[in-house]
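Colleague: After the structure tokens below, expect a handful of questions from me.
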Amino acid sequence: MSYAYLFKYIIIGDTGVGKSCLLLQFTDKRFQPVHDLTIGVEFGARMITIDSKQIKLQIWDTAGQEAFRSITRSYYRGAAGALLVYDITRRDTFNHLTTWLEDARQHSNSNMVIMLIGNKSDLESRREVKREEGETFAREHGLIFMETSAKTAANVEEAFIGTAKEIYEKIQEGVFDINNEANGIKIGPQHSPTSPTSPSGGLGGSQGSGCC
Amino acid sequence: MELFKSGFKTVLGGGGEQKSTGQDATGAETVERLVERLITSTLLDDRRDACRALKSLSRKYRVEVGAQGMDAILNLLGLDRVDTEIMTYAVECLLNVTSPELLDDEDPNVKGIGEQFTEIISKKPENIANLLLLLEEYDYKIRVPLIRLMTNLLTNRPKDVQEILLVSPMGISKIMDLLSDSREFIRNESILLLIALTRNNASIQKIIAFENGFDRILQIIQEEGYSDGGPVVEDCLSLFLNLLKNNTSNQTFFREGNYVKKLVPFFKLPDDPELGWPTQKVSNFYHMLFVVRRLVSPLNPSHVTQACQKSLKACGILECLCNIILANGIPSETLTEAIATVAEAMRGGRDNQEYFGKVEAPSDPPRPVLVILLMTLVNERQPLSLRCTVLYCIQCYLFKNEKGQNDVVKTLLPASTEASPGTVTSGQLLCTGLFSRELTNNWFSAISLSHALLDSPTQRENLLKVQLATKANTPASTLMNHLILVLQQSTKWQMKIGLLQFISLWLENSQPAITHFLSNPNSVPFLINQITSPESDEKEALVKGVSAFVIGLCLYFNPNTVAAYSKDNLIQLINNRIRMETLTDGLGQISKSDLYLHSLKHPQLLAKHSSDLVFDHSFCMVFKKYESLIVLQLSEPNNPHHSHENSRSDINSMGHMVNNHQSPNDVISRYKEVIRTQDETIEGCKQEIGELKDKNQEFQGKIEEMLTEVNQLKSQLALAQAHRETFELNQQNNRANISIEDHNAAIAQKDYLIQQLQYRVHELEQSLSTSTKNPIQEELTIKLEEENKVMVEELDKMKKDQDELLELLTEQDNKIATLKTTLRQNGIPVEDDQDDILDEHETNGHGSGDLGESLL
């Protein structure tokens, strides 16, 4: 399936806050209560529609453990959006947000859209971080904010799509240089004005249009 | 003066010195001097000269340059980065020193020296960081050796260097950026660097994917003309293979990113077959097929493989591959790999299998591709590797493919014989192969057929209906019975092992098949005969093992339908004839054998020689599943059950008597009778007890005997263990000695190095002391020389003056002489002492007299 744009996302945040579960819920629409620890980085993808345009989201789910921090830093530069996740039932994951944000701002391009996500909203009884606290933090640092539940799928779609909308608007405003792939944005194959089309490539393209 | 000269030469640089000392100084000394200069020189020009000289020596004296100069050169990378020229020399020098290959005229003993030097470099991460910083230098002269140097480092110590690069900020990204270099040569070199970088490191592989690695490389492949491109395409594909190896995330990324579709032009056969297959094209194609196989490998998680299989079909690659299989003029190795690729592209994927089942060869009449493959399979003139791959393809086609299995079995059933003459069916080919005289044909056919039954109770039953008429007059026999007959007559291990595997997969979990098998009076005796006959070699032992497994299956799935071989009877038979242990040993023969373990690992059998055709992967899987269950079944004791039933019937019979006899006399007499019989029984029991007591004593005696024996054995064991321990200790000692020797050697080497270093330190100290003096001396020298020059000049002037004065004097003398003669001629007396002088002057300046005269 062809797309108008491709956005690269990263998901960051402390270990165990539910980053991989958010991705699985978004790409596969399922929840896996027992999940292995993410090693390094895992990949997922999904197509969404914004403004009647097909947009492909390429999502890189990073390991939250400190040991992988240096590896995951390699992913900041080329990402257009980041989901910064904490766990509303664990205060410490909220307290670490500043560190995460500094890290992200330092290594990413300045236009990267960051969405703050308080995950596990289904566990209201064990809540340690108030919704208002998340909102305040987001406002102070210029982030979008949302509380989600990867288990019940509440707000999961909205979080990913909301981030994409923000990026899309930035493109419309001309903030992003879409020809620079280092920004984490790619123009779809048929939309690209500079894409070289060799005769053989064109042939293959027309024949295999049904491919995934 | 000599001292001054050498002083000049030091200032001029190494070139001059090398020439002057080259005759008598060894390479090591020269290197030492150059390194010294590199460290001590304060002038950039001097360091550059030294570095240039070291670079030129680094090929011939790699060990010396590496051992002595490495630190200095590495320091240089941090200090003199601004000077491109010196950096180029430094990098080229390191490039030679770390070369994983032997340089020209090098002693093979120094092999691995490049790795040792790499270890030194990679011990300090800042060295790698400095190299990464240098990557920003755009100059061709430095970029090329730098890329090669990093390739060397990654080739020599992949893990260390990868880890350093991974944690270096933007390390991988900087290397990726090299791919965008507009200079083709640099781009190609950086592909080689990326291949070394991505080898077996999932984290780096993913970052490369994140950095649009697949896009960039695919673009290069496209620009180079796909399979018609040069070795660059092959390098690109090697990089792909690295990125996709054991990396589920990247495999998913590859599929999700629609990259599979972009590979399609690779598989288009040229319109003009005359173009042929140059070596590079064959190689490119081979690599490309391998990329596809990596995406659909049976070892991947099944959901990844299945999703990729769908992509392959959807974008037409499966179709292209089938065309390649059936096309003419494809080189054998390409064809083999293409068949394996088709195999994995459909293994377990129903749609793709169905598509494959419908593909027909463009022959006349058109034949299904499966028949074409089977014809190759049972043709012993075809290369073995091709036949193995064809078998793999057939297996993959039939894997979890009920319809495909049914189609094959159907061609064996009587109903299908009405097929028009001239057409060949898969059943015919398989049957011919199964009973042919050619051993590999037997084996291939048996294994292929077994896959038509795998996991399918229906096909196992259907195959029982197959009738064979071997000779015109004899009545038709079933396939199973014929197999048993052939097995009995055969003396070849390969045929037996093939057919027995086929039978195993037939009997597995199929009561009708087992019933049929056991009904043949020759089946069990044959197996027992196999198990009990002495084995002559490894392969015979394996035949024994498979025979044991077949008996085990008969036991485990026994339906108790054949009286002679019911479960109990079979157990008794085994106990009496072959003993349980022999059976379990037989099974152990298989699970221990390397051939079994090898086949278990991967569905594709890679046989180098026809005698490697032993175990099939599916058989191994089934064997693994049932081996322990069968052993468990054999060890389950059934005897107590029997005796328990006997004792209960006695009591019943007594109760029966009590109830039925009513009259008192009768009752009394009956009781008496009962008492009598009871007495008899008691007597019998007493006797039995006595016997048992005796036996008990006997047994106790035996137990005691055994206990003492056990104790003896225990002490023996302890002794043996002690022996073993001492032996092991000795061995350890030996090993330790050896390692001590090694260490000693290493120490000696290090001593030598230390000596050298000490010598160097000494020299350095000396040079330090001289160098502290030097400036003053040099100044003095220059001053003195200048003074000297002035003096000499003055001297010259004075000499000249003197000469002039002398000349004037002579002239004056001449004049005086003339004047004196004139005076004498005129009669004026002249003083004597003046005469004396005159005389002298007359002899001296005789010739000049005329001159004086003429002057006057």
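Colleague: Filter segment A:67-88 down to residues that are basic (Lys, Arg) and without any contact (Cβ under 8 Å) to a residue 60 or more places away in the chain and give me whichever is surrounded by the fewest Cβ atoms within 10 Å (Cβ to Cβ).
Modeller: Across segment A:67-88, the extreme among qualifying residues is A:Arg69.
Colleague: Among the residues of segment B:200-217, write down those that are farther than 16 Å from B:Ser173 by Cβ and not in a helix (DSSP H, G or I).
Modeller: Once the filter is applied, which keeps residues that are farther than 16 Å from B:Ser173 by Cβ and not in a helix (DSSP H, G or I), segment B:200-217 yields only B:Asn200.
Colleague: Still on this structure, please answer the following. Hey, among the residues in segment B:256-308 that are polar (S, T, N, Q) and touching a Gly at 6+ places or on another chain (Cβ under 9 Å), which one's farthest from the other protein chains (Cβ to nearest Cβ)?
Modeller: B:Gln280
Colleague: Those residues that are under 20 Å from B:Phe290 (Cβ atoms) and of a type in the set (D, E, K, R), I need them from segment B:341-367; list them, please.
Modeller: Within segment B:341-367, B:Glu344, B:Arg347 meet the criteria.
Colleague: Please work out if A:Arg91 is within 14 Å of chain B (Cβ to nearest Cβ) and farther than 20 Å from A:Ala159 by Cα.
Modeller: Judged against the criteria, A:Arg91 is not a match.
Colleague: Which helices (runs of 4 or more DSSP H) sit wholly inside segment B:304-419 and have at least 1 residues that are crowded, with 18+ Cβ neighbours inside 10 Å, of a type outside the set (A, V, I, L, M, F, W, C) and in contact with a Leu (Cβ under 9 Å, 6 or more places away or on another chain)? Before the answer, list the steps.
Modeller: Working: elements: B:317-326, B:332-346, B:350-358, B:369-377, B:384-398, B:402-410.
It comes to B:332-346, B:350-358, B:369-377, B:384-398, B:402-410.
Colleague: Can you tell me how many residues in segment B:75-117 are part of a helix (DSSP H, G or I) and either over 33 Å from the mean Cα position of the chain (by Cα) or closer than 22 Å to B:Lys141 by Cα (or both)?
Modeller: Result for segment B:75-117: 19.
Colleague: As an exercise: evaluate A:Gln54 against (1) within 14 Å of chain B (Cβ to nearest Cβ); (2) touching a helix residue (DSSP H, G or I) at 6+ places or on another chain (Cβ under 9 Å) and give the number of the one condition it does not meet.
Modeller: Failed condition: (2).
The rows are residues; the columns are (1) within 23 Å of B:Asn130 (Cβ to Cβ); (2) of a type in the set (Asp, Glu); (3) surrounded by fewer than 22 Cβ atoms within 10 Å (Cβ to Cβ).
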residue: B:Leu165; (1), (2), (3): yes, no, no
residue: B:Ser168; (1), (2), (3): yes, no, yes
residue: B:Lys174; (1), (2), (3): yes, no, yes
residue: B:Leu178; (1), (2), (3): yes, no, yes
residue: B:Leu193; (1), (2), (3): yes, no, no
residue: B:Glu211; (1), (2), (3): yes, yes, no
residue: B:Arg216; (1), (2), (3): no, no, yes
residue: B:Val233; (1), (2), (3): no, no, no
residue: B:Phe240; (1), (2), (3): no, no, no
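Colleague: Just wondering, is there one or more residues in segment B:210-233 that are more than 10 Å from chain A (Cβ to nearest Cβ), touching a residue at least 24 places away in the same chain (Cβ under 8 Å) and within 15 Å of B:Val304 (Cβ to Cβ)?
Modeller: no
Colleague: Out of segment B:476-533, which residues are outside any helix (DSSP H, G or I) and either within 23 Å of B:Val622 (Cα to Cα) or over 42 Å from the mean Cα position of the chain (by Cα) (or both)?
Modeller: B:Ala476, B:Ser477, B:Thr478, B:Glu508, B:Asn509, B:Ser510, B:Asn520, B:Pro521, B:Asn522
Colleague: Among what's in segment A:140-185 and is surrounded by 22 or more Cβ atoms within 10 Å (Cβ to Cβ) and within 14 Å of chain B (Cβ to nearest Cβ), pick the residue that is farthest from A:Lys56 (Cα to Cα).
Modeller: Of everything passing the filter in segment A:140-185, A:Asn183 is farthest from A:Lys56 (Cα to Cα).
Colleague: Please indicate, with yes or no, whether at least one residue in segment A:76-86 is farther than 23 Å from B:Arg255 by Cβ, basic (Lys, Arg) and within 14 Å of another protein chain (Cβ to nearest Cβ).
Modeller: Yes, some residue in segment A:76-86 is farther than 23 Å from B:Arg255 by Cβ, basic (Lys, Arg) and within 14 Å of another protein chain (Cβ to nearest Cβ).
Colleague: From the list B:Ile147, B:Ile172, which residue is within 14 Å of another protein chain (Cβ to nearest Cβ) and at pLDDT 90 or above?
Modeller: Checking each option against the conditions leaves just B:Ile172.
Colleague: Still on this structure, I have one more. When segment B:218-227 is examined, which residues are found to be touching a helix residue (DSSP H, G or I) at 6+ places or on another chain (Cβ under 6 Å), over 30 Å from A:Ile59 (Cβ atoms) and surrounded by fewer than 22 Cβ atoms within 10 Å (Cβ to Cβ)?
Modeller: Hit for segment B:218-227 is B:Glu224, nothing else.
Colleague: When you check A:Lys120 against the structure, is it away from chain B (no Cβ under 14 Å) and either touching a residue at least 24 places away in the same chain (Cβ under 8 Å) or surrounded by fewer than 16 Cβ atoms within 10 Å (Cβ to Cβ) (or both), yes or no?
Modeller: It is true that A:Lys120 is away from chain B (no Cβ under 14 Å) and either touching a residue at least 24 places away in the same chain (Cβ under 8 Å) or surrounded by fewer than 16 Cβ atoms within 10 Å (Cβ to Cβ) (or both).
Colleague: Same structure, new question: Scan (1) in a helix (DSSP H, G or I); (2) surrounded by 21 or more Cβ atoms within 10 Å (Cβ to Cβ) for the single condition B:Asn558 breaks and write down its number.
Modeller: (1)
Colleague: Look at A:Ile39 and say whether it is part of a strand (DSSP E or B), of a type in the set (A, V, I, L, M, F, W, C) and within 14 Å of chain B (Cβ to nearest Cβ).
Modeller: no
Colleague: Any chance segment B:736-756 includes a residue that's in contact with a helix residue (DSSP H, G or I) (Cβ under 9 Å, 6 or more places away or on another chain) and in a helix (DSSP H, G or I)?
Modeller: Yes - at least one qualifying residue is present in segment B:736-756.
Colleague: Tell me yes or no: at least one residue of segment B:589-604 is within 19 Å of B:Ile630 (Cα to Cα) and without any contact (Cβ under 8 Å) to a residue 24 or more places away in the chain.
Modeller: yes
Colleague: Looking at this structure, is A:Arg69 basic (Lys, Arg) and in a helix (DSSP H, G or I)? Write out each step before concluding.
Modeller: Details: basic (Lys, Arg): yes; in a helix (DSSP H, G or I): yes.
So A:Arg69 passes the test.
Colleague: For segment B:179-195, check the following and say yes or no: at least one residue is modelled with pLDDT under 95, within 14 Å of chain A (Cβ to nearest Cβ) and out of contact with any His (no Cβ under 6 Å at 6 or more places or on another chain).
Modeller: Yes, some residue in segment B:179-195 is modelled with pLDDT under 95, within 14 Å of chain A (Cβ to nearest Cβ) and out of contact with any His (no Cβ under 6 Å at 6 or more places or on another chain).
Colleague: Could I ask something else about it? Evaluate segment B:111-118: report whether one residue or more is surrounded by fewer than 21 Cβ atoms within 10 Å (Cβ to Cβ) and within 28 Å of B:Ala209 (Cβ to Cβ). Can you show your working first?
Modeller: Residues of segment B:111-118 that are surrounded by fewer than 21 Cβ atoms within 10 Å (Cβ to Cβ), as a first pass: B:111-112, B:115-116.
Now drop any that are not within 28 Å of B:Ala209 (Cβ to Cβ), which leaves none.
Within segment B:111-118, not a single residue is surrounded by fewer than 21 Cβ atoms within 10 Å (Cβ to Cβ) and within 28 Å of B:Ala209 (Cβ to Cβ).
The values are calculated or read from the model by the stated rules, or taken from the named source; none is laboratory data. Note that the structure is a prediction, hence the values are computed from the model and not measured. Backbone-built Cβ (ideal geometry, glycine too); neighbour counts: all protein chains shown.
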